Structure formats: C-alpha cells, structure tokens
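Peer 1: My structure is below; once you've seen it, I'll send some questions.
Just so it is clear, none of the values below were taken in a lab; they were calculated from the coordinates. Quick caveat: nothing in here was measured; it's all calculated off a predicted structure. A quick note on method: Cβ atoms are made from the backbone with ideal geometry, for glycine too, and the neighbour counts reach across all protein chains shown.
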C-alpha cells in the first residue's frame with residue numbers, strides 16, 4: 001500500500017501538474033480537456049484508457065461531444081498518494 | 001430538421017426502450033450500464049462511440065471503472081426527436 005501524502009507533499013506534487021485542480025475536499029484532482037470534435041476527444045480517451053489499464057489506476061470521467069472532464073478520486077479510506085499524480089502527469093504527456 | 005415528438009409520441013417511443021428513463025424535465029433519456037471491469041466497460045464504450053459517430057449523434061456519458069451512465073440530451077431548443085430513441089435502441093442492441 002502506497003503511503004498517503006502529507007498536505008505538504010500533496011501540494012508539492014500538485015505543483016508538478018499545474019493544470020490539475022484539487023477537488024472533493026482534497027480527495028481528488030480534476031482537469032478538463034477540450035478537443036476539436038468527438039473523434040479527437042474519444043481517440044484521446046482511448047489512449048488514456050490504455051494508460052489507465054497499464055497503470056491499473058482508472059479515472060472517473062465524463063465526455064460530452066468534444067469535452068472530457070477527468071477526475072482522479074480516492075475510492076478507499078486513504079488520501080491522495082503519489083500514483084494519482086503519476087497518472088495525471090502521464091495523461092498530461094499525451095494531451096494537447 | 002427532425003420533427004419534435006409530441007408527449008404521446010415520446011411516451012410511445014420510450015416504451016420501445018424500457019430500460020431508459022426520462023430525465024432533465026423531459027429533455028433527455030438516461031440509462032446506466034454495469035460491466036465486469038474497466039476493460040469491458042471501455043470496450044463497450046468504444047463500440048458505442050463508433051455507433052454514435054456513424055449516426056452523427058453523440059451521448060453525454062460518464063464512466064467510473066465498470067459503470068457507465070449514458071444520457072442522450074437535447075442540445076438545441078427543440079424537444080426529443082425520433083433519433084434519440086433510435087440511438088438508444090442501437091445502444092441497447094450491443095449491451096449486456
């Protein structure tokens with residue numbers, strides 16, 4: 001089990017993915033993405049899905065035509081761990 | 001432009017897709033789907049995406065691990081038309 005980040009560690013990690021916002025009372029991070037159309041949006045989602053599957057860490061997300069809102073949420077009792085930020089950074093690397 | 005359904009026509013169409021629920025003050029229909037895991041959920045979403053692209057009518061949807069919630073919403077000033085129910089029925093045909 002990964003160690004829960006302290007607030008200071010979390011804030012430092014968040015500075016590494018500045019396009020993401022802390023949400024859900026510090027229990028999730030979120031970012032919105034916009035694409036040219038549905039084809040581009042869903043194509044990108046497919047890339048993220050493969051990434052998530054490989055990292056065994058899955059986003060909560062919603063898609064409406066060319067927008068995608070991604071939330072990385074804690075589903076257990078713990079707090080944000082380093083892997084949330086690793087997934088966020090990996091998503092950023094394949095994002096427009 | 002497709003004709004807006006009357007309330008009676010809409011109710012008749014809804015009986016054709018009984019797993020869908022009217023929502024958003026009659027401006028959308030919604031259905032939740034559950035799968036065995038993320039792989040199955042996203043695989044299914046990919047099939048629906050291809051269907052939506054072909055029908056040029058795209059769902060609003062959200063996915064959290066093995067669940068997908070699909071909403072077919074009116075994005076213009078009109079009401080539900082027949083194509084919403086056509087897409088719902090097409091989604092049902094490839095659903096578990």
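Peer 1: To the nearest 500 deg cm²/dmol, what mean residue ellipticity at 222 nm is calculated for chain B from DSSP H runs of n ≥ 4 alone, each contributing -39,500 (n - 2.57), summed and divided by the residues?
Peer 2: Value at 222 nm, helices only: -13500 deg cm²/dmol.
Peer 1: Now, a different point. So if I take the centroid of the Cα atoms in segment A:51-89 and the same for segment B:6-38, what is the distance between those two points in Å?
Peer 2: About 28 Å separates the Cα centre of segment A:51-89 from the one of segment B:6-38.
Peer 1: Which order results if A:86, A:54, A:47, B:10 are arranged by neighbouring Cβ count within 10 Å, fewest first?
Peer 2: Numbers: A:86 15, A:54 9, A:47 12, B:10 20.
If I rank by nearby Cβ atoms, fewest first, I get A:54, A:47, A:86, B:10.
Peer 1: Using the reciprocal of the averaged 1/r over all distinct C-alpha pairs, how large is the Kirkwood radius of the protein assembly as shown in Å? Walk me through the intermediate numbers first.
Peer 2: Details: mean 1/r = 0.0554 Å⁻¹.
About 18.0 Å for the protein assembly as shown.
Peer 1: Further question on the same structure: Quote the relative contact order of segment B:6-96 in percent (integer), defining contacts as alpha-carbon pairs under 8 Å separated by 6+ residues.
Peer 2: Numbers: 104 pairs, mean separation 30.4, N = 91.
After rounding, I find 33 percent.
Peer 1: Helix A:82-93 versus the longest principal axis of chain A: what is the Cα-based angle in degrees, 0 to 90, to the nearest 10?
Peer 2: The answer is roughly 30 degrees.
Peer 1: What's the angle, to the nearest 10 degrees (0 to 90), between helix A:7-16's Cα axis and the longest principal axis of chain A?
Peer 2: Helix A:7-16 sits at roughly 30 degrees to that axis.
Peer 1: Please report Rg (one decimal) and Dmax (integer) in Å for the Cα set of chain A.
Peer 2: 13.2, 39
Peer 1: Quick check on the exposure proxy: order B:29, A:94 from fewest to most C-beta atoms within 10 angstrom.
Peer 2: Values: B:29 25, A:94 11.
In order of increasing Cβ crowding within 10 Å: A:94, B:29.
Peer 1: Here is a further query. Counting only Cβ atoms, what residue of chain A lies nearest to the axis that sends chain A onto chain B, and how many whole Å off?
Peer 2: Residue and rounded Å distance to the axis: A:62, 2.
Peer 1: Rounded to the nearest 10 degrees, what's the angle between the helix B:38-55 long axis and the longest principal axis of chain B, both from Cα atoms, 0 to 90?
Peer 2: 40
Peer 1: Using a basic spin-label model with each label point 7 Å from the Cα along Cα→Cβ, how many nm lie between residue A:19 and residue A:92?
Peer 2: Rounded to a tenth, the inter-label distance reads 0.9 nm.
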